[in-house]
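Let me begin by presenting the structure, written as structure tokens, before commenting on it.
The values are calculated or read from the model by the stated rules, or taken from the named source; none is laboratory data. These figures come from a predicted structure and were not determined experimentally. Here the Cβ is made from the backbone with ideal geometry for all residues, glycine too, and neighbour counts use every protein chain on show. When the accessible area is computed, the model is the full protein with side chains, heavy atoms only, and any ligands, DNA or RNA have been set aside. Shrake-Rupley method; radii C 1.70, N 1.55, O 1.52, S 1.80 Å.
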Amino acid sequence: MKLEPLYLITAKCDYCETSFHTSRVRHSLKKAHFTDTDFYMRYKGVNPDYYVVTVCPNCGYAFTENFSKGLAPVIRTSFELKVVKNWTGHDYGGERNWDDALHTYQLALLSAQIKNEKDRVVAGLLHHIAWLYRDAGNKKQEERFLEHALDSYVRVYELEGISVDNARLMYLMGELNRRLGRYNEAVRWFSRVINDKNIIDAAMIRASRDQWKVTREDMLAAQIELPEEMKNEAKKHG
């Protein structure tokens, strides 16, 4: 008997306390075959990213496992005015297509903004929406949401300060800048990961070296003058 990729879990809404079912992809059937340089995992078959967001069919509250628990009274009032009063009821608990996935992320983004969730949570949602548009071949919308995601990642970095845990975040800010054509900013972030002696994340140092070289090629192809920092790094690393 063939195992179905989706299975049901029970979730409970923080707003209206309704219990309902939503789908997840079985871990054993997640078949990643390629990962983009900004960490988007490409899957064969069912895309687990389509099922990251849980949406309450009763009130429209949407959330992920990264959301904080509970809603303060003032947030509940705001959510009722902005979402519940306009909610016509829709069950996203079963199989989802691309449009369904996009709608769930949009709802989660709205819920996160109303709740004033952490910038890291908001950045992740924006980044996922950009990935969905990448899948659809919509370059304009992809870049729009990459830009919003980058702004949120920068706020995360500014709030958390410099720490060894931020090598992945610094690399990601470099890569999103590169994808948006902001090559000088990309070089700055990649170089920081490469040169900061406090960073011991070998994978991120290696990835930063690789994308630093890609950025250099991007700049040469676009006939953009290389910054002094890149010229000096080029001499150092060959």
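Let me see the P(r) profile for the stretch 37-164: every Cα-Cα distance counted, bins of 10 Å, each bin given as a percent of all pairs.
The percentages, shortest bin first, are 12, 40, 35, 12, 1.
Which percent of the accessible heavy-atom area of the stretch 114-155 goes to carbon and sulfur, probe 1.4 angstrom?
Result for the stretch 114-155: 46 percent of the exposed heavy-atom area is carbon or sulfur.
Show me, for the stretch 177-192, the HN-Hα J-couplings you get by feeding each phi into the Karplus relation (A = 6.51, B = -1.76, C = 1.60, θ = phi - 60°), rounded to Hz, glycine and proline as x.
Karplus-based 3J(HN,Hα) across the stretch 177-192 equals 4, 4, 5, 8, x, 9, 5, 5, 5, 4, 4, 4, 6, 4, 5, 5 Hz.
Could you calculate the contour length gain from residue 32 to residue 213, that is, 0.36 nm times the residue separation minus the distance between their Cα atoms, to one decimal place in nm? Each step should come with its number before you reach the end.
Numbers: separation 181, 0.36 × 181 = 65.16 nm, distance 2.59 nm.
That pair, residue 32 and residue 213, stretches by 62.6 nm at full extension.
So for the pair residue 66, residue 97, with labels modelled 7 Å out along Cα→Cβ, what separation do we get in nm?
Placing both labels 7 Å beyond Cα along the Cβ direction yields 2.8 nm.
Placing unit charges on C-beta atoms (Lys and Arg positive, Asp and Glu negative, everything else neutral), compute the dipole magnitude of the chain about its Cα centre in debye, rounded to 20.
In debye, rounded to 20, the chain gives about 400.
Using a simple charge model, +1 on the beta-carbon of Lys and Arg, -1 on the beta-carbon of Asp and Glu, nothing else, what dipole does the stretch 103-189 show about its Cα centre, in debye to the nearest 20? Present the calculation step by step, with values, prior to reporting the outcome.
On the way: 13 positive and 12 negative charges, 39 e Å.
My answer is approximately 180 debye.
Once Rg and Dmax of the Cα atoms in Å is worked out from the coordinates, which option in [x] 20.3, 62; [y] 17.0, 50; [z] 21.1, 69 does it equal?
Computed from these coordinates, Rg and Dmax of the Cα atoms in Å corresponds to label [x].
What do you get for GluC sites (Glu not before Pro) in the stretch 62-130 restricted to DSSP loop and a cutoff of at most 14 other Cβ within 10 Å of the site's Cβ?
In loop regions of the stretch 62-130 (DSSP not H, G, I, E or B), the sparsely surrounded GluC sites (Glu not before Pro) are 65, 95.
Near the amide H of residue 182, under 5 Å away, which other amide H atoms are found, from residues 5 or more places off or on another chain, if H is placed in the peptide plane?
HN-HN under 5 Å from residue 182: empty list.
When the Karplus curve 6.51 cos²θ - 1.76 cosθ + 1.60 is applied with θ = phi - 60°, which whole-Hz ³J(HN,Hα) does each residue of the stretch 168-173 get, with x for Gly and Pro?
So the J values, rounded to whole Hz, are 5, 5, 5, 4, 4, 5.
So what is the accessible area of the chain per residue, in Å², with the probe set to 1.4 Å? Provide the component values of the computation, followed by the final result.
On the way: 13070 Å² over 238 residues.
Accessible area per residue: 55 Å².
Would you work out which of 156, 106, 215 lies farthest towards the positive end of the dipole of the stretch 97-236, given +1 charges on the beta-carbon of Lys and Arg and -1 on that of Asp and Glu, about the Cα centre?
Positive-end residue among those listed: 215.
Pairing the Cα long axis of helix 139-160 with the longest principal axis of the chain, what angle in degrees results, from 0 to 90 and rounded to the nearest 10?
The angle comes out near 80 degrees.
In the structure shown, do any of 69/115; 118/139; 31/118; 30/118; 2/31 have a Cα-Cα gap over 19 Å, and if so which?
Long pairs (Cα-Cα over 19 Å): 118/139; 31/118; 30/118.
Give the angle, between 0 and 90 degrees and rounded to the nearest 10, that separates the Cα long axis of helix 119-136 from the longest principal axis of the Cα atoms of the chain.
Value to nearest ten degrees: 90.
Along the stretch 96-107, what does the Karplus equation 6.51 cos²θ - 1.76 cosθ + 1.60 (θ = phi - 60°) give for ³J(HN,Hα), rounded to whole Hz, x for Gly and Pro?
These are the phi-based 3J(HN,Hα) values: 10, 9, 4, 5, 4, 4, 4, 4, 5, 5, 5, 5 Hz.
For a quick check of your reading of the filter: which trypsin sites (Lys or Arg not before Pro) in the stretch 166-202 sit in a DSSP loop and have no more than 11 other Cβ atoms within 10 Å?
Working: sites: 168, 178, 179, 182, 188, 192, 197; in loops: 182, 197.
Counting only loop positions with at most 11 other Cβ atoms within 10 Å, the trypsin sites (Lys or Arg not before Pro) in the stretch 166-202 are 197.
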